[in-house]
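Here, each number is a calculation from the coordinates, and none is a lab measurement. These numbers were taken from a predicted model, which means no experiment stands behind them. Using ideal geometry, Cβ is built from the backbone for each residue, glycine included, and neighbour counts are taken over all protein chains shown.
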Amino acid sequence: MPTDRLQTQRFEMKYLVREETAQAIRRFLSCYMTPDEFAADLPNRSYPVHSLYLDSPDLATYQAVQTGEKNRFKLRIRYYSDNDATVYFEIKRRTNDVISKMRAKVKREAVQPLLNGQPPQLRHLAKPDGKQLVALQEFCRLMHQLGATPKSHVAYLREAWMSPGGNSFRVTFDRNVRCEPEFAANLKTALGESVSPFDDRVVLELKFVDRLPNWCSEMVRLFGLVRGGAPKYAQGLLLIGEHRVSNHGVGLKLGTTTRPTVYPNGAAVSTRSTVAVA
């Protein structure tokens, strides 16, 4: 499981790029940054990331993205494999251009009781920690306030780079982003019927807590990068169809093609994808 490199408050800049551009950017930034230590020895320096997104029956957090609300949040449970003994309950907030996160490392066996309404306690955490308990309590408060339940499983491969002097600046490349309806908390990694919201494009993210390094600004100019949004959960739901998720999958039927999703361990999972037409 990746080392916890959480930036509790930061700025984010996102770009959608082709693979050949991502490769060129990697060569450029390798002069200034180092690969994330967890993924340095993995194939393509990438590790799988899985998130279970929770939302209200009327998809309030999804709608906040679609309407461009400046102050919004999302609720998700993040995990990295089928065998993780712990998972992360995360609240990701946007306040204007500032991104903040609260996160609690929770025992896997505590996930379902918490989603069922059991009050969060220290024993639910991987290790007793007051700050993380506050994060878990806030997650559960928002979940109950919205009446939020699992709606979607999002998966992708992440290549991460970090500044040598610390974690004040990170660059990530997210590839093969997949999204499927998910109404339970099985926290599985295998994908069933899924959509590919960004086709074969790579989601490039620049994440910094203070200011963007001068060399990075030059990189943006050099490669002609155009900043834009790349919301994985929201874009995935848009392709799946809002009504199919808000109505708990009633009538869910995707136009599909079958192709394998290959993760760094070499395992190929047959998944179905809906190809978005430009």
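Modelled spin labels at residue 149 and residue 101, positioned 7 Å past Cα toward Cβ, are 2.8 nm from each other. The mean sequence distance of close C-alpha pairs (under 8 Å, at least 6 residues apart), as a share of the length of the chain, puts its relative contact order at 25 percent. Its Kirkwood hydrodynamic radius, worked out from the mean inverse distance over all distinct Cα pairs, puts the chain at 19.5 Å. Computed over the chain with a Gaussian network model linking Cα atoms closer than 10 Å, the most mobile of 49, 134, 203 is 134. Listed values for segment 104-110 are Karplus-derived 3J(HN,Hα) couplings in whole Hz (6.51 cos²θ - 1.76 cosθ + 1.60, θ = phi - 60°), namely 10, 8, 10, 5, 4, 5, 8, and x replaces Gly and Pro. The phi-based Karplus calculation (6.51 cos²θ - 1.76 cosθ + 1.60; θ = phi - 60°) puts the 3J(HN,Hα) values of segment 64-74 at 4, 6, 5, 8, x, 4, 6, 10, 8, 8, 9 Hz, whole numbers, x for Gly and Pro.
In this rough spin-label picture, where each label sits 7 Å from Cα along the Cβ direction, the residue 34-residue 239 distance is 3.6 nm. Of all aspartates and glutamates in the structure, the ones whose alpha carbon falls short of 19 Å from that of residue 92, not counting any fewer than 8 places away in one chain, are 4, 12, 55, 69, 138, 174, 205, 210. Potential lengthening of the chain between residue 134 and residue 60 amounts to 24.3 nm, from the contour at 0.36 nm per residue minus the alpha-carbon distance. For segment 189-198, 3J(HN,Hα) computed residue by residue from phi via the Karplus equation (6.51, -1.76, 1.60; θ = phi - 60°) reads 9, 5, 9, x, 6, 9, 10, 10, x, 10 Hz, glycine and proline entered as x. Within the listed set 144, 153, 50, the residue fluctuating most in the Gaussian network model of the chain (springs between alpha-carbon atoms under 10 angstrom) is 144. Calculated from DSSP H runs of 4 or more alone, at -39500 (n - 2.57) each and per residue, what is the 222 nm mean residue ellipticity of the chain, nearest 500? Helices in the chain give a 222 nm mean residue ellipticity of -6500 deg cm²/dmol.
For the chain, a simple Cβ point-charge model (Lys and Arg +1, Asp and Glu -1, everything else neutral) yields a dipole of about 380 debye relative to the Cα centre. Greater than 21 Å separation of Cα atoms is the criterion. Which listed pairs, 101/127; 127/232; 74/207, meet it? Long pairs (Cα-Cα over 21 Å): 127/232.
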